[in-house]
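Participant: One structure is given below, represented as structure tokens, and several questions about it will come after.
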Amino acid sequence: MSAGYKDDQEDWLTVCLKYLLFVFNFLFWMGGAAVLAVGVWTLVEKSDYLSLLASSTFAVSAYILILAGSLVVVTGFLGCCAVIREQRSCLSMYFFCLLFIFLIELVAGVLAYVYYQRLSEELKQHLNQTLTENYAQPGKEAITLAVDRLQQDFKCCGSNNSNDWMVSVYISTKQGEDRIVPDSCCKTITPHCGKRDHPSNIYKVEGGCITKLEQFLADHLLVIGAVGIGVACLQLIGAAMTACFIYLLYKEEEEDFGTL
């Protein structure tokens, strides 16, 4: 095949793959933006609650997504340049970048799924202990703020119910100032409102804060897992198209060399 013929009438499959890769790169950028947004959303949206978890798996999954989303932006630009220039070396680098990001997002998705399976047990074992032993204690300001926000945001009181506070260090010592529950349990917070635990004054929710927090985290984990694995599958398609494009360019180069 002559160079002039190649310029004027490229193989239809090569042309199709070239434009498909452009379309893929657009989708790739959108997917990367979605991955980055989900990672940031996970850390920013009620991030105080992370201090109430025994494991850092939840936060690690979000950080991995942020890393993957950032890499997608750079890799998408590389992919466009590689497709335009039709350089096999650049395309090969783009191909391996896709596989690398695929593995990162797959790890985030799997971590989210695994943590989702043991979330309920971890909360049952850890949350009540955190509330009763660490609330309003020296050096535990972050946990205290997280618990107060948890009870106000989800309109709940105590790990399982308001009675959990009766055995807490805060309530059972002078710190509590004769309160029955912390003031953050109150429907309308006023100084020392926690001295009265009537349902008209404090939140009494069936299942307590554990049920509310578990549902909140489970929803986030499902989104992390779905976005991570979904975009990872999209990248596999892109990697397959890139591999085909590299092969077709290689074949054309061989044919051009053979005509010399």
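Participant: Could you list, in sequence order, all residues of the range 157-215 that are touching a Cys at 6+ places or on another chain (Cβ under 8 Å), surrounded by fewer than 20 Cβ atoms within 10 Å (Cβ to Cβ) and under 14 Å from THR144 (Cβ atoms)?
Facilitator: If the condition is that a residue be touching a Cys at 6+ places or on another chain (Cβ under 8 Å), surrounded by fewer than 20 Cβ atoms within 10 Å (Cβ to Cβ) and under 14 Å from THR144 (Cβ atoms), then ASP183 is the only one that fits.
Participant: Follow-up question, since we're still on this one. Condition (residue is within 28 Å of VAL227 (Cα to Cα), under 32 Å from the mean Cα position of the chain (by Cα) and of a type in the set (Gly, Ala, Ser)) applied to the range 124-140: is it met by at least one residue?
Facilitator: Checked the range 124-140: no residue is within 28 Å of VAL227 (Cα to Cα), under 32 Å from the mean Cα position of the chain (by Cα) and of a type in the set (Gly, Ala, Ser).
Participant: Residue pairs, Cβ under 8 Å, 6 or more apart or interchain, first in the range 26-51 and without any contact (Cβ under 8 Å) to a residue 12 or more places away in the chain and assigned to a loop (DSSP other than H, G, I, E, B), second surrounded by fewer than 14 Cβ atoms within 10 Å (Cβ to Cβ) and among the charged types (D, E, K, R). List them.
Facilitator: none
Participant: Could you grab me the full set of residues in the range 67-79 that are open to solvent by less than 20 Å² (accessible area, probe 1.4 Å) and within 22 Å of TYR19 (Cα to Cα)? If you could, list the steps in order and put the result at the bottom.
Facilitator: Let us first name the residues in the range 67-79 that are open to solvent by less than 20 Å² (accessible area, probe 1.4 Å), namely 68-69, 72, 75-76, 79.
Those that are open to solvent by less than 20 Å² (accessible area, probe 1.4 Å) and within 22 Å of TYR19 (Cα to Cα): VAL72, THR75, GLY76, GLY79.
Participant: Right, another one. Check GLN125 against each of (1) open to solvent by 30 Å² or more (accessible area, probe 1.4 Å); (2) touching a Lys or Arg at 6+ places or on another chain (Cβ under 8 Å); (3) in contact (Cβ under 8 Å) with a residue 40 or more places away in the chain and name the one condition it does not meet.
Facilitator: Checking GLN125 against (1) open to solvent by 30 Å² or more (accessible area, probe 1.4 Å); (2) touching a Lys or Arg at 6+ places or on another chain (Cβ under 8 Å); (3) in contact (Cβ under 8 Å) with a residue 40 or more places away in the chain, the one that fails is (2).
Participant: Something else now. Hey, among the residues in the range 46-57 that are at pLDDT below 75 and in contact with a Phe, Trp or Tyr (Cβ under 9 Å, 6 or more places away or on another chain), which one's most open to solvent (accessible area, probe 1.4 Å)?
Facilitator: Filtering the range 46-57 for residues that are at pLDDT below 75 and in contact with a Phe, Trp or Tyr (Cβ under 9 Å, 6 or more places away or on another chain), the one most open to solvent (accessible area, probe 1.4 Å) comes out as LYS46.
The values are calculated or read from the model by the stated rules, or taken from the named source; none is laboratory data. Note that the structure is predicted; figures quoted are calculated from it, not measured. Neighbour counts are summed over all protein chains in view; Cβ atoms, including those assigned to glycine, are modelled from backbone coordinates with ideal geometry. Remember, those area values only see protein heavy atoms, side chains included, never the ligands or the DNA or RNA. Shrake-Rupley method; radii C 1.70, N 1.55, O 1.52, S 1.80 Å.
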